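**Student:** Here you go, one structure.
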Amino acid sequence: MSAYDDDLPERRRLHHDVPHWVEDGSLFFITVNCAERGRHQLTLPQTAAALLDAARFYHEQKKWHVTLLLLMPDHFHALMSFPRDAVMGDLFKAWKRFTARTIGIAWQDGFFDHRLRNENEVTEKHHYIRHNPVRKNLCTRPEDWPHQLHWTSGGLVAGAW
């Protein structure tokens, strides 16, 4: 700690609850990072399968609704909606605790969320998420990336499109 640390304002913790004025079914753009960035961990085949299964379990339990969840080597992005009475922070804390204990992932504290306010934002974030593995040279086409869940009219589907 430096002498300057005493001069910094205390960092406010966000509660990540869904405000009462947000419409049911509103989509949120979510990013969750591993504690150690730059290390290939989440897309190892067994790890990826277990993480997607854990996300599917929460989806089936109606703790959240996955529209798209895509694993990258050291983080994941998702488009999700939550029940009105949900506290996103509590959901992710419990989910990360479970996956840390059962799979061995060390997660960074907290997560990033942004409520998507219109169809343009939804389209933009969907495109961003789907093309993330292409931008990082992990595959040549977004539809080839195997480490994802996506919602279709038939339900939640794992794997490439």
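Any read-out appearing in this document is the output of simple, stated calculations on the displayed coordinates, not a laboratory observation. Quantities reported herein were computed from a predicted structural model and do not represent experimental measurements. Please note: Cβ atoms are built from the backbone with ideal geometry, for glycine as well, and neighbour counts cover all protein chains shown.
**Student:** Just the projected area, averaged over all directions, of the convex hull on the alpha carbon atoms of region 23-158: how many nm²? Could you put the intermediate results ahead of the total?
**Tutor:** Values: hull surface 31.9 nm².
Taking the Cα atoms of region 23-158, their convex hull projects to 8.0 nm² on average.
**Student:** Say the cut-off is 24 Å between C-alpha atoms; which of Lys93/Lys136; Lys62/Lys96; Lys62/Lys136 go over it? Working shown, then result.
**Tutor:** Numbers: Lys93/Lys136 28 Å; Lys62/Lys96 17 Å; Lys62/Lys136 32 Å.
Among Lys93/Lys136; Lys62/Lys96; Lys62/Lys136, the Cα-Cα distance tops 24 Å for Lys93/Lys136; Lys62/Lys136.
**Student:** Within 10 Å of each residue's Cβ, count the other Cβ atoms and sort Lys125, Lys63 from fewest upward.
**Tutor:** Values: Lys125 21, Lys63 17.
Least crowded to most crowded, the residues run Lys63, Lys125.
**Student:** If you add up the charges near Ile103, with Lys and Arg at +1 and Asp and Glu at -1, over every other residue whose beta carbon is less than 15 angstrom from its beta carbon, what do you get? Could you put the intermediate results ahead of the total?
**Tutor:** Working: positive: Arg39, Arg56, Lys96, Arg97, Arg101; negative: Glu36, Asp53, Asp74.
Taking every Cβ under 15 Å from that of Ile103, the sum is +2.
**Student:** Under a Cβ-Cβ cut-off of 15 Å, what is the net charge of the residues other than Val157 that fall near it, where Lys and Arg count +1 and Asp and Glu count -1? Before the final figure, lay out each step's value.
**Tutor:** Values: positive: Arg56, Arg130; negative: Asp53, Glu60, Glu143, Asp144.
Spelling it out: positives minus negatives among the neighbours equals -2.
**Student:** So, counting K/R as plus one and D/E as minus one, what does the shell of residues with Cβ under 11 Å around Ile30 add up to? Show your work: numbers first, answer last.
**Tutor:** Working: positive: Arg115, Lys125; negative: Asp113.
Local charge sum for Ile30: +1.
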